[in-house]
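Please treat every number below as a calculation from the coordinates, not as lab data. Because the structure is predicted, anything quoted here is derived from the model rather than measured. FYI the Cβ positions are ideal-geometry reconstructions off the backbone, even for glycines, and counts take in every protein chain you see.
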Amino acid sequence: MNKTYLIRRLYNFHENILKRHQVQRYKSSICTDINEFIVYDQFICKRRSQSKRSVLVQVSSENSCCDLYSYCSKFGSIINMFHYQLAGSNHFVLTEFDDQSAVSSLLDQSTFIEESNIISVRSPFLWFRSSSSKNKSKLIEEHKFNFPFQTNQTMIEPNIKNIGLGKLDSLSDQMLLLLERTQLNEIGTRLRFLTAMQIENSLKGIFPLSKVLPFGSSVNSFGKIGSDIDLVLMDCKITKHKTSRLIFHGKCMSNSRTHIQRNIEILGDLIQLFLPGCSKVKRISQARVPIVKYSQDFIGVECDLAVSNETAVNMSELLYIFGNFDYRVRPLVFAVKMWAKEINLTNDVPGRWITNFSITLLVLFFLQQEKIIPNIQKLVKHADNNDVRITNEGVNCTFVRDISKLPRTVENKKSLDQLLHGFFDYYASFDFNTNAISLNYGKAINKPEYSALYIVNPLEVHFNVSKNMSSEEMERFRIELRNAAWMIESSLVNTNAFNILDLFKGYEINKKKDTLFTIQHQIRNSNRLVTIKDLFEDNLPTTEEDKRLNKQL
Ligand code: CTP
Ligand code: MG
């Protein structure tokens with residue numbers, strides 16, 4: 001045995017241990033016990049409380065963190081500090097205190113920019129003036145070991161080709177790694193709630209009861225690093241001081257579309273003119289659900305703000321419940337969503353293609369067929385009085401909120417790779433022409449009306465969630481489903497293994513690549529000059545090799 005061989009063996013051994021350790025770590029991080037399930041309202045409450053005790057401070061570099069820690073400690077006890085850097089060069093530190101009063105006194109003691117053309121706004125977004133570097137190094141020495149500083153979290157979506165998927169042998173482990181590396185992380189979640197709090201605070205003076213809540217993938221457990229934030233402004237009536245004899249005067253509010261559109265215009269102006277970090281504001285008041293679109297530059301994400309869309313908030317809770325029902329739900333949703341993204345079935349801009357929301361519902365429906373998650377009727381049946389919710393829009397959103405109360409016996413023990421293969425197999429032969437998907441019944445029903453894809457909206461059952469999808473996109477979706485099913489199957493039969501990265505290549509993409517390759521090959525091997533006209537008229541020369549291959553076929 002020579003020395004190089006031994007070193008290589010040792011190196012491989014070490015790599016394998018690292019890999020196994022990594023897989024174990026993310027398995028344990030997501031395979032949570034159902035008894036540890038946090039009810040959605042508690043989860044929202046905890047995150048809102050964190051955001052009220054937090055400020056976001058822009059600093060000149062990571063080295064300023066100790067300095068910032070020392071300065072901010074004067075206002076109260078700091079329990080968490082998260083550093084992140086956006087794509088450009090800006091550094092930020094999300095600083096959490098143990099008490100909200102610390103944030104109030106910090107903001108009271110902060111100063112405004114003195115330039116006359118800058119409007120003075122009080123908000124949790126600040127910047128930190130650096131002190132001399134001599135002081136800084138002294139502080140680093142002083143606080144090196146005692147401040148709660150986390151720096152390993154990113155706000156930028158990682159490139160899936162660089163996260164080490166290829167290093168893992170099993171498809172199930174690859175799916176778990178994909179989830180671990182791309183799901184919304186701690187800092188991403190905190191910053192989403194702080195973004196909501198910025199709007200809420202700016203309206204507090206005049207609307208003390210209004211709340212701005214994140215909904216959609218930011219909170220439904222299916223969110224990805226860098227995904228957009230969906231926000232909703234709601235008037236949350238509370239029955240405090242019921243016996244008081246002094247009552248605030250108010251104005252009549254109508255829930256009419258015109259009224260909502262006017263509110264959207266006003267919110268758009270407020271965000272555009274006064275709120276720091278908010279740019280590229282667009283008022284989309286003609287949409288079915290009117291929204292203000294804007295970009296929060298300190299956080300590096302796009303935001304969609306709606307007014308009173310309580311049904312969507314309940315929908316997020318429903319998805320959150322499913323996402324926490326079984327440890328296999330989220331890795332499967334993430335893998336399928338990533339597949340759809342990588343082969344361009346989904347798109348960041350809304351249009352005639354399938355959405356992430358529809359894909360999530362398709363995966364959930366498949367898991368209902370596998371008896372891994374229940375149908376919605378079962379969740380409704382187990383609801384008690386505290387679970388009753390009728391929204392302002394008149395939609396009944398009653399279903400059991402605490403799933404630990406639900407009798408649960410999941411007999412299906414299939415592994416993630418079996419389920420991923422099963423998903424593609426199931427839909428590759430699904431009759432989308434006549435069937436609609438109903439998560440309420442947990443089975444396919446007859447399509448109530450023509451639509452390329454029909455997914456019954458789980459809360460507003462007369463609507464189709466995927467009404468936007470065109471027949472062409474549906475056809476593309478079907479081809480890709482069949483291709484994925486075939487790819488996994490043939491690879492498992494031939495090699496007993498499958499690399500998830502192969503799935504992200506897609507049939508259509510491969511077809512285009514093949515065509516380009518053929519053209520390239522024909523041009524290179526031809527002995528005549530090829531013109532652009534030849535390409536358009538499909539008049540490419542045939543090489544001797546082509547002729548031979550054609551004969552063989
Ligand atoms: N929603 C809905 N009915 C629809 C579309 C959306 O109830 N027809 C609700 C869902 O709760 C959805 C949320 O609005 O989760 C936000 O929609 P969208 O941003 O399109 O989907 P996300 O789930 O947030 O996914 P993504 O990460 O792509 O933003
Ligand atoms: Mg969204």
* Structure fact -> Applying the gyration tensor rule to the Cα atoms of the stretch 380-459 (axes a ≥ b ≥ c; rounded if a/c under 1.5, else prolate if a/b exceeds b/c, else oblate), the class is oblate
* Asked: Which of the residue pairs Lys52/Lys211; Lys337/Lys381; Lys282/Lys505; Lys467/Lys505; Lys378/Lys405 have a Cα-Cα distance greater than 23 Å in the structure shown?
  -> Lys337/Lys381; Lys282/Lys505; Lys467/Lys505
* What nm distance separates the two modelled labels at Cys252 and Ile156, each placed 7 Å from Cα along Cα→Cβ? -> 5.5
* Asked: Quick one: putting +1 on the C-beta of Lys and Arg, -1 on the C-beta of Asp and Glu, what dipole do you get for the stretch 390-503 around its Cα centre, in Debye to the nearest 20?
  -> 420
* To do: Can you tell me the dipole magnitude for the stretch 285-362 around its Cα centre, using point charges on the Cβ only (Lys, Arg +1; Asp, Glu -1), in Debye to the nearest 20?
  => 260
* To do: Round to a whole angstrom and tell me the spacing of the C-alpha centers of the stretch 268-297 and the stretch 66-128.
  => 24
* Structure fact -> To the nearest 0.05, the calculated FRET efficiency linking Asn63 and Glu36 through their beta-carbon distance, R0 being 35 Å, is 0.40
* Structure fact -> Here the net charge surrounding Phe222, from other residues whose Cβ is less than 10 Å away from its Cβ (Lys, Arg +1; Asp, Glu -1), is +3
* Structure fact -> Quick calc: nm separation of the 7 Å Cα→Cβ label points for Asn433 and Val380 -> 3.1
* Between Ser105 and Ser471, take the C-beta separation as r, use R0 = 41 Å, and let me know the FRET efficiency to the nearest 0.05. => 0.10
* Rough spin-label spacing in nm, given labels placed 7 Å along Cα→Cβ, for Ser210 and Ile266 -> 0.7
* Extension gain, Glu302 back to Ile79 (0.36 nm per residue minus Cα-Cα distance, nm) -> 77.5 nm
* Structure fact -> A correct Stokes-Einstein calculation for the stretch 85-129, using the alpha-carbon Kirkwood radius, 4 °C and 1.567 mPa s, returns a whole-number D in µm² s⁻¹ of 102
* At 4 °C and 1.567 mPa s, what whole-number value in µm²/s does Stokes-Einstein give for the translational diffusion of the stretch 422-493, with Rh from the Kirkwood sum over Cα pairs? -> 99
* Asked: Mind ordering 65-76, 153-164 by average Cβ neighbours within 10 Å, highest first?
  -> 65-76, 153-164
* Going 7 Å from the Cα of Asn412 toward and past its Cβ, which residues in the stretch 473-501 have a backbone nitrogen under 20 Å from where you end up? -> 481-482, 484-486, 488-489
* Take the Cα radius of gyration of the stretch 358-497 and divide it by 2.2 N^0.38 Å, with N its residue count; two decimals is plenty. => 1.20
* Take the Cα of Cys45, step 7 Å along the line toward its Cβ, and report every residue of the stretch 173-199 whose backbone nitrogen sits under 11 Å from that point. => none
* To do: Set the Förster distance to 30 Å, then compute FRET efficiency between Ala87 and Val289 from the Cβ-Cβ distance, nearest 0.05.
  => 0.50
